[in-house]
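Visitor: Dropping a structure here in structure tokens format, bear with me for questions.
The values are calculated or read from the model by the stated rules, or taken from the named source; none is laboratory data. Not measured: the values here are computed from a predicted model. All Cβ positions, even for glycine, are placed from backbone atoms using ideal geometry, and neighbour counts span all protein chains on display.
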Amino acid sequence: MTAPAVGMPAPAVAPRLRVGGQVYTTVFGTLLTGLVVNAMLLVACLPIVVMLLTTDPARSWPALAVLAPLAAPAAVAAAAVFRQVSDDGAPTPVRTFGAAYRRHARRALAIGALLAAVAVVGVADLRFLAGRPAGALVTPVVGVVLLLSALTGVVALAAVPEVPAARLRDLLKAALFLAVRRWYLAGAALVVLALLAGIVAVRPAQGIGLLPAPLLYVAWGAARFALRLAIPETRPAGSLEEN
């Protein structure tokens, strides 16, 4: 084996090791953050989880509808963690989740309660109208209202940690506007959330233990991108304008 010639540069081993270490740290940190978020979501939504595990959702849906708004503050708190990961890259998931939950719980609960109320009334109307003469005319209207409320709710929940000083009425109006104008983004987020809800309803253990964080992150990313079109980073916190 010949010795390296004098003056030749040494192999760049240290930079490669540093890059590999950074990648490993990033991947490990992301996985750990996801697991922590899943655990925090489980704690925050424990009444819903217990109901899903111990009852048949098809029969216990009235109780689930009452408990459903509890998921809204948890989703907002998870969005705050995702925002920290995206913006800072150095997450503190437990502290961020807890602080966001305490700060935004009231508005998130209000949004969740509105969504649950609209869903219950809308589904009840659809069941009542099924097979009736007026159903052919009213059912499409009720369906559109349900879809718009769901899209608006997704965007509104994503907006809560982005514009913490905005009034709830202004936030909902802007969320409705963005849900209609950027329907493809809000729709993508809604499809992901519907997928998560379906999996949790069918297989609660697997759905709650593994999937909430990654699927919520995808839904949050789509909704936040829609919000960024109306809330540029240069705009002061608390402002919400319609484009």
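Visitor: Just to be sure before I move on: is residue 80 modelled with pLDDT of 85 or more, farther than 23 Å from residue 206 by Cβ and touching a helix residue (DSSP H, G or I) at 6+ places or on another chain (Cβ under 6 Å) in the structure I sent?
Guide: yes
Visitor: Regarding segment 161-169, can at least one residue be identified that is more than 25 Å from residue 197 (Cα to Cα), assigned to a helix (DSSP H, G or I), in contact (Cβ under 8 Å) with a residue 60 or more places away in the chain and not β-branched (Val, Ile, Thr)?
Guide: Looking through segment 161-169, at least one residue is more than 25 Å from residue 197 (Cα to Cα), assigned to a helix (DSSP H, G or I), in contact (Cβ under 8 Å) with a residue 60 or more places away in the chain and not β-branched (Val, Ile, Thr).
Visitor: Which pairs do you get when a residue that is at pLDDT below 95 and of a type outside the set (S, T, N, Q), found in segment 110-135, comes within reach of a residue that is loosely packed, with under 15 Cβ neighbours inside 10 Å and not in a helix (DSSP H, G or I), reach meaning Cβ atoms under 6 angstrom, with the pair 6+ apart or on two chains?
Guide: Filtered contacts from segment 110-135: no entries.
Visitor: I would also like to ask the following. Quick one: in segment 26-63, which of the residues that are part of a helix (DSSP H, G or I) and of a type in the set (S, T, N, Q) is nearest to the chain's Cα centre (by Cα)?
Guide: Ranking the candidates gives 38 first.
Visitor: Continuing with this model, one more query. Examine segment 200-208 for a residue that is under 13 Å from the mean Cα position of the chain (by Cα) and crowded, with 19+ Cβ neighbours inside 10 Å, and state whether such a residue exists.
Guide: no
Visitor: Please go through segment 173-194 and pick out each residue that is outside any loop (DSSP other than H, G, I, E, B), crowded, with 20+ Cβ neighbours inside 10 Å and either touching a residue at least 40 places away in the same chain (Cβ under 8 Å) or among the small types (Gly, Ala, Ser) (or both).
Guide: Across segment 173-194, the qualifying residues are 174, 175, 178, 179, 185, 186, 189, 190.
Visitor: Next question. When residue 163 is evaluated against the numbered criteria (1) surrounded by fewer than 18 Cβ atoms within 10 Å (Cβ to Cβ); (2) within 19 Å of the chain's Cα centre (by Cα), which criterion, by number, is the only one it fails?
Guide: Answer for residue 163: the failing condition is (1).
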